[in-house]
Amino acid sequence: NNVSGSYYLKFPRHRTLISINKKYTGRTNAEFNERHDWNSLVTNDKSLKFTDYSEELFPSADILVQYLNDYSNKFKLKIDFKTPVTYVSRYVTDPKSNPTSFRFIVLTGGKNPVYTCNKVLSSTGWSVEHDGGMNQPFIESYSDMTLDLDHYRDKHVLILGKANSAFETANYLRSVAATVTVMSKKRAVLAWQTHYVGDLRAINAEFIDLYQLKSLWVIAQRDLHQNDTELVLNSEGKAVVKHTPDIDDVVAFNQFDVVLRCTGFKWDDSFYGTRVNPGHAFSYTKKFPKIDDDL
């Protein structure tokens, strides 16, 4: 499309950013203030700051889209919209006299089908939903789940995953769902313990409080890929976790009307040729690219 930051028109699905927007710090030092402003783009021109758009500590993603478009228009950024990248590779420019000299070639589906350049910076983030191997047809994905609360009203809901997208969704449904069960094979990793901002943030962790108070909200740990455990539909069309006698809470609510897959996102390497694909840092998750200065 022709919108800067259009990813944020849809994500996060429930519209609240987890990047801190600290407008007031009690300081006048610009560098100090930028450390607490996670959304403004770094530039020598300080006339356009995200903190001028909202005082909310965790504002709406819609405001970020507005800011990014104002920014790109103000500074007349060279952006080729409607240009999906389909392939990236490189070629040697002078194979006889200088076999180590090369340029990149970028193929697209836009009005300019071929770009060549000396360097390519990939800033696509985590743009592909990670299905975690849970792709049964009765499972609804985080990307495609409806936000119409009537779909979940008085229903028993199972959410697969245990990070920000899962708990963000659980918080969204807590007022209307009969029960909400959040399940994954690992424990929730909390950002205040790891100091990594991508782990489960406190703003999305309110569901944990409800779980601890035993108020029909459940957090369960189970590997659905083990031989003795599987997620299936029963004869009534309800999703059932089979063979889980050691999880009392799940047995209590083990017929689910809706199953949502909220297992996060991963880096997309589908358009990189073999000569430039850096590979994955962790083969078992394929979430991060391997960082290397010699491709």
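Laboratory data are not the source of any read-out in this text; all were calculated from the coordinates shown. Since the structure is predicted, the reported quantities are computational estimates derived from the model, not experimental observations. Neighbour counts are summed over all protein chains in view; Cβ atoms, including those assigned to glycine, are modelled from backbone coordinates with ideal geometry.
Worth pointing out:
- Each stretch of four or more DSSP H residues adds -39500 (n - 2.57); spread over every residue of the chain, this sum gives -4000 deg cm²/dmol at 222 nm.
- When you restrict to C-alpha pairs under 8 Å that are six or more residues apart and normalise by the size of the chain, the relative contact order lands at 17 percent.
- For the chain, the longest principal axis of the C-alpha atoms and the axis of helix 164-173 are separated by about 50°.
- Each listed q (0.15 Å⁻¹) maps to a log10 I(q)/I(0) for the stretch 27-179 from the Debye sum over equal C-alpha point scatterers, namely -1.10.
- Cα-based radius of gyration of the stretch 144-244 once divided by 2.2 N^0.38 Å, which approximates compact folds: 1.11
- Applying the Kirkwood pairwise sum to the alpha-carbon positions of the chain produces a hydrodynamic radius of 22.2 angstrom.
- Residue pairs, from the table 155/214; 74/286; 22/286; 186/214, whose Cα atoms sit over 28 Å apart: 74/286; 22/286
- Positive end of the dipole of the chain (Cβ unit charges, origin at the Cα centre): among 288, 30, 203, the Cα lying farthest that way belongs to 30.
- You can think of it this way: the chain between residue 225 and residue 15 has 72.5 nm of extra reach, that is 0.36 nm per residue less the Cα-Cα gap.
- Put a plus charge on the Cβ of each Lys and Arg, a minus charge on the Cβ of each Asp and Glu, and nothing anywhere else: the dipole of the stretch 139-226 about its Cα centre is then about 400 debye.
- Angle between the chain longest axis and helix 61-74 axis [Cα atoms, degrees, rounded to 10]: 10
- Only aspartates and glutamates eight or more places from residue 185 in sequence, or on another chain, were considered; those with a Cα closer than 15 Å are 131, 223, 228, 230, 246.
- 3J(HN,Hα) along the stretch 213-226, derived from phi through the Karplus expression 6.51 cos²θ - 1.76 cosθ + 1.60 where θ = phi - 60°, amounts to 8, 6, 10, 6, 10, 10, 10, 10, 10, 7, 8, 6, 9, 6 Hz, with x in place of Gly and Pro.
- Bridging of residue 46 to aspartates and glutamates at a Cα separation below 17 Å is possible for 31, 34, 37, 70, once same-chain residues fewer than 8 apart are set aside.
- Within a Gaussian network of the chain (alpha carbon springs, distance under 10 Å), most fluctuating of 162, 266, 78: 78
- Residue among 192, 123, 173 farthest towards the positive dipole end of the stretch 92-212, charges placed on Cβ: 123
- Taking amide H atoms as placed 1.01 Å from N in the peptide plane, the amide H of residue 276 has no partner under 5 Å among residues 5 or more positions away or on other chains.
- Peptides 33-46, 199-212 ranked from most to least packed, by the mean per-residue count of other Cβ atoms within 10 Å: 199-212, 33-46.
- Candidates 265, 41, 75 compared by Cα position along the dipole of the chain: farthest toward the positive end lies 75, with charges placed on Cβ.
- Amide H contacts for residue 159 (H built 1.01 Å from N in the peptide plane; partners 5 or more residues away or on another chain; cut-off under 5 Å): 181, 182, 183, 260.
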